[in-house]
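The structure appears right after this line, and notes come after that.
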Amino acid sequence: RPIVDIIKQAFPYSLELGMRALIFATITGVLLGIVAAVKRGTKWDTITRVFAVIGVSVPSFIIGALLQYFLGLQLFKWTGVKVFPITGWDSAASKLLPSFALSFSSLATISRLMRTSMLDVLGQDYIKTAKSKGLSQKKIIWKHAVRNAIMPVVTVLGPIAASVLTGAFVVETIFSIPGMGRFFVQSIQAQDYTMISGVTLFYGAFLIIANLIVDLL
């Protein structure tokens with residue numbers, strides 16, 4: 001079969017998984033970073049930083065295996081209800097665990113970056129001026145601080161978007177998702193160099209396009 005046909009068949013699954021993971025990681029990471037910066041030195045800040053260190057340190061396929069064991073197998077033993085299927089991509093519930101496993105590392109990176117950027121912005125003179133004018137904390141944070149603090153996050157979204165999709169190789173395999181990662185792993189095992197080259201070229205082009213879009217933004 002032509003590699004283009006395989007990509008057309010498999011990429012929609014990888015794209016959906018990657019987009020779910022990217023959206024979840026971006027929204028949750030930004031919110032956690034804001035909370036950690038605003039509540040600096042509190043238990044919320046400590047929890048967020050510990051969470052970020054774990055997320056950066058532990059690979060996505062390890063997170064996926066732990067989710068399968070605890071939320072898939074053990075939860076089923078305790079409740080008798082199959083809440084989270086551990087394989088497949090045929091229902092809304094089956095898409096939750098792989099999406100979270102893939103997003104965990106990116107979420108941690110974004111939250112750390114957002115926290116650092118927010119702390120820097122909150123110490124700027126224009127924030128002090130806004131406080132002296134009597135503006136509420138909510139308005140200062142969302143209207144003045146976040147708009148500037150989020151710029152570094154936007155900058156790294158290009159590489160993160162590419163890494164989320166390329167990092168889905170092993171995640172797709174352990175969750176039995178019929179995406180490009182599954183074909184890529186199988187092609188490595190079978191030493192199918194043509195398939196490996198085709199997928200690598202495709203993801204290389206995707207990375208370039210993602211970086212271009214981020215630069216334009």
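Suppose we filter ALA205, ALA145, ALA190, ALA130 for residues that are closer than 30 Å to TRP89 by Cα, of a type in the set (Gly, Ala, Ser) and open to solvent by less than 60 Å² (accessible area, probe 1.4 Å); which single one remains?
ALA205
Residue by residue through region 119-137, note down the ones that are closer than 16 Å to VAL38 by Cα and in a helix (DSSP H, G or I).
Taking region 119-137 as the starting set, the residues that turn out to be closer than 16 Å to VAL38 by Cα are 119-124, 127-128, 130-131, 135-137.
Within region 119-137, LEU119, ASP120, VAL121, LEU122, ILE127, LYS128, ALA130, LYS131, GLN137 meet the criteria.
Of all residues being part of a helix (DSSP H, G or I) and of a type in the set (Gly, Ala, Ser) in region 180-217, which is farthest from PRO152 (Cα to Cα)? Just the residue, please.
Checked region 180-217; the qualifying residue farthest from PRO152 (Cα to Cα) is SER187.
Listed here are the residues, each with its yes/no results for (1) within 30 Å of VAL35 (Cα to Cα); (2) over 21 Å from the mean Cα position of the chain (by Cα).
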site: VAL146; (1), (2): yes, no
site: THR155; (1), (2): yes, no
site: VAL164; (1), (2): yes, no
site: VAL170; (1), (2): no, no
site: PHE184; (1), (2): no, no
site: MET195; (1), (2): no, yes
site: ILE213; (1), (2): yes, no
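Would you be able to say whether some residue in region 172-179 is of a type in the set (S, T, N, Q), under 20 Å from LEU22 (Cα atoms) and in a helix (DSSP H, G or I)?
Among the residues of region 172-179, at least one is of a type in the set (S, T, N, Q), under 20 Å from LEU22 (Cα atoms) and in a helix (DSSP H, G or I), which makes the answer yes.
How about region 46-58: which of its residues are in contact (Cβ under 8 Å) with a residue 60 or more places away in the chain and either surrounded by fewer than 13 Cβ atoms within 10 Å (Cβ to Cβ) or not basic (Lys, Arg) (or both)?
THR48, PHE51, ALA52
Conditions first: (1) open to solvent by less than 50 Å² (accessible area, probe 1.4 Å); (2) under 16 Å from SER176 (Cα atoms); (3) modelled with pLDDT under 90. GLY64 passes all but one, so which condition is the exception?
Result: GLY64 passes all but (3).
Say we look at region 1-45 and pick out the residues that are among the β-branched types (Val, Ile, Thr) and either farther than 30 Å from GLY179 by Cα or in contact with a strand residue (DSSP E or B) (Cβ under 7 Å, 6 or more places away or on another chain) (or both); which of these is least open to solvent (accessible area, probe 1.4 Å)?
It comes out as ILE34.
Which residue pairs have Cβ atoms closer than 6 Å, lie 6 or more positions apart in sequence or on different chains, and pair a first residue in region 159-179 that is more than 19 Å from ILE209 (Cβ to Cβ) with a second residue that is among the hydroxyl-bearing types (Ser, Thr, Tyr) and at pLDDT 80 or above?
From residues that are more than 19 Å from ILE209 (Cβ to Cβ), the pairs are VAL171/SER60; PHE175/THR87; SER176/THR87; ILE177/TYR13; PRO178/TYR13.
Scanning region 1-27 for residues that are small (Gly, Ala, Ser) and touching a Ser or Thr at 6+ places or on another chain (Cβ under 7 Å), which turns out farthest from ASP192 (Cα to Cα)?
We begin by selecting, within region 1-27, every residue small (Gly, Ala, Ser); these are 10, 14, 18, 21, 25.
Cutting the leftovers down to touching a Ser or Thr at 6+ places or on another chain (Cβ under 7 Å) gives us 21, 25.
Values: ALA21: 29, ALA25: 33 Å.
Across region 1-27, the extreme among qualifying residues is ALA25.
Would you mind telling me which numbered condition in (1) out of contact with any Pro (no Cβ under 9 Å at 6 or more places or on another chain); (2) within 23 Å of ILE27 (Cβ to Cβ); (3) open to solvent by 40 Å² or more (accessible area, probe 1.4 Å) THR116 fails?
Result: THR116 fails condition (1) only.
Quick one: would you say VAL164 is among the hydrophobic types (A, V, I, L, M, F, W, C), in contact with a helix residue (DSSP H, G or I) (Cβ under 8 Å, 6 or more places away or on another chain), open to solvent by less than 30 Å² (accessible area, probe 1.4 Å) and assigned to a helix (DSSP H, G or I)?
yes
The values are calculated or read from the model by the stated rules, or taken from the named source; none is laboratory data. Nothing here was measured: the structure is a model prediction, and the numbers come from that model. Here Cβ is always computed from backbone atoms with ideal geometry, including for glycine, and neighbour counts include all displayed protein chains. In case anyone asks, the SASA skips ligands and DNA or RNA and just uses the protein heavy atoms, side chains included. Shrake-Rupley method; radii C 1.70, N 1.55, O 1.52, S 1.80 Å.
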